[in-house]
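See below for the structure under consideration.
The values are calculated or read from the model by the stated rules, or taken from the named source; none is laboratory data. Everything numeric in this text was worked out from a predicted model, so none of it was measured. Neighbour counts are summed over all protein chains in view; Cβ atoms, including those assigned to glycine, are modelled from backbone coordinates with ideal geometry.
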Amino acid sequence: MKKPLLRRDFLRATAIAGGGMLVACKWDSDSSSDTPAPRGTAADNTPPTADPNAERWTPNAFIRISADNFVTVIVGAAEIGQGTMTAIPMIVAEELDADWQRVSWEQSPASAITYGNPFWQGEGGLGDLDQAGLQITAASTTVRGYYTSQRRAGAAVRQMLLEAASDQLGVSVDSLTTRESFVIHEASGTRLSYGSLAAAAAEKSPPSAPALKSPGEFRLIGQSKQRLDAREKTDGSLAYGFDFEIPDMVTVMVIRAPRFGAILQSSDDSAAWDVEGYLGSHRVPSGLAVVGTDFWSAEQARKQIKTEWLMGSGEGLSTADLRDQFDTRNSLPGLPVRNDGLGVLSSLNGEITADYHFPYLAHAPMEPLNVTIDYRGSECDIWCGSQWPDMDALVAATVLGLPVTAVNFHNLLSGGGFGRRACLGFDYIQEAAHVARAVNRPLKVVWTREDDIRGGYYRPYTACRLSASLAGGAIDSWSHRVASQTLLISPLVEVATGLVTEEVQTSQGAKEMPYAILNVYVDTHSVINGVPTLWVRSVANATNVYAVETFFDHLAKQAGQHPLTLRRELLTEKPRHLAVLNAVAEMANWTPQTQDNLYRGVALFASYESLIAQLVEAEVVEQNNGTHKVAIRKIYSAVDCGTAVNPDLVEAQIESGIVFALSSALFGEIELEEGVVKQSNFHDYPVLRMYQTPAIETRILPSDHSPGGVGELGVPCVAPALANAIYAATGELYTSLPLNNNPSLVFE
Amino acid sequence: MTTPAPRETFALSVNGRVEQTDVSPDKPLLWVLRDELDLKGSKYGCGRALCGACTVHVDGQPTRACVTPVKAVAGKSVTTIEALSETELGARVQRAWTSLNVPQCGYCQSGQIMAVVALLKAIPAPTDPQIDEALSGNICRCGMYPRIRKAVHELAAGGFA
């Protein structure tokens, strides 16, 4: 069989019934008759079209223009709250010159070949599929990854519409312009809607290199548009996975191992039969699947079932023991990932050293995990909010013994993700497939909050050892050693990512330490233990940047320098870093001379092709008993994310990152005692609430750079900026998170 | 651990309609709304009245449906997010939410909005401490608290009419 051409730029246009057009990839595949529900537009969520024929769904489409002049953008990335379903349509509509009031969105099917994020091209380790990229929504890559390809698609279709109008009017393309979904011939005053031209435009060959607008010509990009999914997220009408139902569906809860890795030995469900709606239980690899007619019956039945487990080797680990274990690892050399100047030598004899410790963290998205699955022997439909739908579909197919083409994966909007819905262990999707095989009827596997908090796949426990020497008031050497649990627990992932040596998920944020220091050394240890771990929003940046930025303030103090002054001195060669630093200081009106009753701390970092500096203002008052009472008053952020496609949604992401980061900085911690997870719900795994949220001010610096990522950008600097503000008051270096564990600090 | 009491028939007033349900009196209102009456706008987030995603109004009072047994609302009037746009205040709150891009993932927002409507009914122009008091029981993991606060203040000032 001839291999398909996997070049995204080869578009193909098709006329569709009812007079519209559809722009798809060159490599067409079989279409199905699955028609998704029409979604919202800016014009108050009017259904995009009344013509059912114009709604025909083709699995590899990117853009559909219907005869009644609605544009639908089919989005490959997942919506987990970050605004994908608004930003991607804006990018397409910009180059298409579409009327934003008549633009809508649809979630694409699961297919890396067609809808994979171009950011990951060449990262897949899967031969030809490399050219497609992975269909994963992670690492703040959605806008920056799809930006160019989506602009090209919009521009190509616009060119085809112009050519169709040129034919129809018998005038040259040069005499035509476009505006808000119309082709306009100014000389004659003629206006032709895109919808009326779409069928003819579909006969044109898509240009391979259509001209793109210059930033000065943008009408949508750079505008703070309202979210296209806002309405259905305020009237209760959006069906998340938890709400999704299929006919004759039963509900399943799983009794999972009380300690990670334990194996179910026996179970007794005799008492469960007294619960109305209990339908039986089935052994699956992850435990015992308890089937009920609905959530409540399954939950009540599960409480009545007794289970015995084989604990395997040992009694399981206690997080209290990890501190010493990880410190021991950090007294040995690791895998070097950066060595500037005489870094490797100086690392051995830094005169100032600090050991940092960071706990396990759970993602705790508001919508607990769930998978709806209809397995019919030879094929299967799955409905699930996923950040990695193509791999989830593949894993489900593998468990079910089906070709991946027999698994129809319907990705749903998620009630939060933060990484949990791009699970490297594919735990929830594998489990659901096993349950479907065992139960053999349409079902939904639901997780309670307790299942979620105790279910593992935590941000890894991490320890950092930082060491530095000063010479003549300057930082002469800097070393940073990281010991963190490896994320690469699944062989599938090693295949998928091709990562074999340096674990970026461990080194990121340490390796990129931005300050101009002559001798720098960074090395890492990958620790393996039985606790399943996963990336959590901003991954190792959250821990490494905390260590870098708080240690920096500590060194500045030893060197007799103001933290702002020393940062500026060591960033003179990095104008974009310097610009965010200066901007945030200006926003907070903070200079080295500032004298008032507030304490301030700053931190900065760059990743995802973006930069951020964040500044925390706090009141810190010493109490009679020697403790310090801390009231966080305000958090400022200065952001350089290149082109901000939708500035208000960028700000929303930064606000979101700050609240997420404060939750973990103040009290986020998962502990294990002899293998058993101690926390279970929001009472003992608290997250930030309204009364604990300080004032927030964000400034986006103007930039013509291409877009950078912002979904994780607001997270890593918050905790170090806060710790630095407290350090300014107390002179104490806070080397462990969460800060609430520190008996000398009391947070208001 | 005891099993739930057997079924009884309840006449529930939900969103202005009387609904006959035949359920265990112990069954939480949340699951009666979602699974018996197919009103899925009220969300499950914690099951222990810790997050507020299930907030509905019972006789106008914000109530955590996940821990409220259905027998406790017999004879009372229940309002859910689905009926909110029928009131002027509810519609204004929803307009504020879309205009200010308050939702991100959106999963908590039914509960947030029900809590805000109850607050504004009780205190038409709440202070920041009153907002903290009324809304700190509702978790937004996406962290949209500053926008919710801003929306409440703008609504109190007569916005989004």
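Where helices (runs of 4 or more DSSP H) sit wholly within the stretch A:240-348, those with at least 1 residues that are without any contact (Cβ under 8 Å) to a residue 60 or more places away in the chain and either crowded, with 18+ Cβ neighbours inside 10 Å or not charged (D, E, K, R) (or both) occupy A:295-304, A:319-330.
Suppose the filter is surrounded by 18 or more Cβ atoms within 10 Å (Cβ to Cβ), over 23 Å from residue A:373 (Cα atoms) and either touching a residue at least 40 places away in the same chain (Cβ under 8 Å) or charged (D, E, K, R) (or both); does residue A:234 pass it?
no
Could you list, in sequence order, the residues of the stretch A:481-521 that are modelled with pLDDT under 85, closer than 25 Å to residue A:610 by Cβ and part of a helix (DSSP H, G or I)? Result: A:497, A:504.
Of all residues in the stretch B:71-90, those that are assigned to a loop (DSSP other than H, G, I, E, B) and at negative phi total 4. State whether one or more residues within the stretch A:717-737 are within 12 Å of chain B (Cβ to nearest Cβ) and touching a residue at least 24 places away in the same chain (Cβ under 8 Å). Yes, the stretch A:717-737 contains at least one residue that is within 12 Å of chain B (Cβ to nearest Cβ) and touching a residue at least 24 places away in the same chain (Cβ under 8 Å).
Any residue at all in the stretch A:175-182 that's more than 26 Å from residue A:389 (Cβ to Cβ), in contact with a Pro (Cβ under 9 Å, 6 or more places away or on another chain) and away from chain B (no Cβ under 14 Å)? No: the stretch A:175-182 contains no residue that is more than 26 Å from residue A:389 (Cβ to Cβ), in contact with a Pro (Cβ under 9 Å, 6 or more places away or on another chain) and away from chain B (no Cβ under 14 Å).
Reported count of residues in the stretch B:98-134, each being part of a loop (DSSP other than H, G, I, E, B) and more than 11 Å from chain A (Cβ to nearest Cβ), is 5.
Of the residues making up the stretch A:297-312, none is at pLDDT below 95, closer than 26 Å to residue A:667 by Cβ, away from chain B (no Cβ under 14 Å) and out of contact with any Asp or Glu (no Cβ under 7 Å at 6 or more places or on another chain). Annotation note: Cβ proximity below 6 Å between a residue of the stretch B:136-148 that is at the interface with chain A (Cβ under 7 Å from one of its Cβ atoms) and a residue that is small (Gly, Ala, Ser) (sequence gap 6+ or interchain) occurs for B:141/A:416; B:142/A:81; B:142/A:656; B:143/A:656.
In the stretch B:1-14, the residues that are within 14 Å of chain A (Cβ to nearest Cβ) reach residues that are part of a loop (DSSP other than H, G, I, E, B) with C-beta atoms within less than 6 angstrom, at least six apart or across chains, in these pairs: B:3/A:275; B:4/B:24; B:4/B:26; B:5/B:24; B:5/B:25; B:5/B:26; B:7/B:24; B:8/B:25. Screening residue A:394 on (1) of a type outside the set (Lys, Arg); (2) out of contact with any helix residue (DSSP H, G or I) (no Cβ under 7 Å at 6 or more places or on another chain); (3) surrounded by fewer than 24 Cβ atoms within 10 Å (Cβ to Cβ) shows it passes everything except condition (2). When the stretch A:612-638 is filtered for residues that are buried (at least 24 other Cβ atoms within 10 Å of the Cβ) and either of a type in the set (Gly, Ala, Ser) or touching a Gly at 6+ places or on another chain (Cβ under 8 Å) (or both), the ones remaining, listed by number, are A:612, A:613, A:614, A:615, A:616, A:618, A:637, A:638. Once the stretch A:363-402 is narrowed to residues that are within 19 Å of residue A:443 (Cα to Cα) and acidic (Asp, Glu), the residue that is farthest from the other protein chains (Cβ to nearest Cβ) is A:379. When we screen A:672, A:649, A:688 for residues that are in contact (Cβ under 8 Å) with a residue 60 or more places away in the chain and either among the polar types (S, T, N, Q) or farther than 30 Å from residue A:218 by Cα (or both), the only hit is A:672.
Within the stretch B:1-52, the set of residues being more than 19 Å from the chain's Cα centre (by Cα) and of a type in the set (D, E, K, R) comprises B:7, B:8, B:22, B:26. Of note, residue A:651 does not satisfy the criterion of being out of contact with any Ser or Thr (no Cβ under 8 Å at 6 or more places or on another chain) and farther than 24 Å from residue A:737 by Cβ.
Going by what's in this entry, would residue B:71 be described as within 25 Å of residue B:34 (Cβ to Cβ), out of contact with any Pro (no Cβ under 7 Å at 6 or more places or on another chain) and at pLDDT 95 or above? Against the criterion (within 25 Å of residue B:34 (Cβ to Cβ), out of contact with any Pro (no Cβ under 7 Å at 6 or more places or on another chain) and at pLDDT 95 or above), residue B:71 does not qualify. So for the stretch A:196-213 (the condition being touching an Asp or Glu at 6+ places or on another chain (Cβ under 8 Å), surrounded by 21 or more Cβ atoms within 10 Å (Cβ to Cβ) and either touching a residue at least 24 places away in the same chain (Cβ under 8 Å) or not assigned by TED's automatic domain parsing to the domain that holds residue A:643 (or both)), does at least one residue qualify? Yes, the stretch A:196-213 has at least one match. Here residue A:659 fulfils each of the conditions (1) within 26 Å of residue A:728 (Cα to Cα); (2) surrounded by fewer than 20 Cβ atoms within 10 Å (Cβ to Cβ) apart from (2).
Residues that are part of a loop (DSSP other than H, G, I, E, B) and away from chain B (no Cβ under 14 Å) within the stretch A:678-716 comprise A:678, A:701, A:702, A:703, A:704, A:705, A:706, A:707, A:708, A:709, A:716, listed in sequence order. Of the residues screened, residue B:99 is not one that is surrounded by fewer than 21 Cβ atoms within 10 Å (Cβ to Cβ) and at pLDDT below 95.
Would you pick out the residues in the stretch B:29-70 that are outside any loop (DSSP other than H, G, I, E, B), under 19 Å from residue A:251 (Cβ atoms), more than 7 Å from chain A (Cβ to nearest Cβ) and touching a strand residue (DSSP E or B) at 6+ places or on another chain (Cβ under 9 Å)?
If the condition is that a residue be outside any loop (DSSP other than H, G, I, E, B), under 19 Å from residue A:251 (Cβ atoms), more than 7 Å from chain A (Cβ to nearest Cβ) and touching a strand residue (DSSP E or B) at 6+ places or on another chain (Cβ under 9 Å), then B:29, B:30, B:32, B:33, B:36, B:65, B:66, B:70 are the ones that fit.
Take the residues in the stretch B:135-161 that are in a helix (DSSP H, G or I) and not aliphatic (A, V, I, L, M); name whichever of them is surrounded by the most Cβ atoms within 10 Å (Cβ to Cβ).
B:145
Within the stretch A:584-608, no residue that is under 22 Å from residue A:629 (Cβ atoms) and free of Cβ contacts under 8 Å to residues at least 12 places away in the same chain sits with its Cβ atom under 7 Å from a residue that is outside any helix (DSSP H, G or I) and of a type in the set (Val, Ile, Thr) at 6+ positions apart or across chains.
Pairs linking a residue in the stretch A:697-710 that is in the same structural domain as residue A:605 (by TED's automatic domain parsing) and within 15 Å of residue A:216 (Cβ to Cβ) to a residue that is among the hydrophobic types (A, V, I, L, M, F, W, C) and buried (at least 19 other Cβ atoms within 10 Å of the Cβ), with Cβ atoms under 8 Å and 6 or more positions apart or on different chains, are A:703/A:641; A:703/A:644. Selection over the stretch B:1-22 of residues that are buried (at least 16 other Cβ atoms within 10 Å of the Cβ) and within 15 Å of residue A:298 (Cα to Cα) gives a count of 2.
Note on the stretch A:145-171: among residues that are modelled with pLDDT of 95 or more and more than 17 Å from residue A:63 (Cβ to Cβ), the one that is surrounded by the most Cβ atoms within 10 Å (Cβ to Cβ) is A:165.
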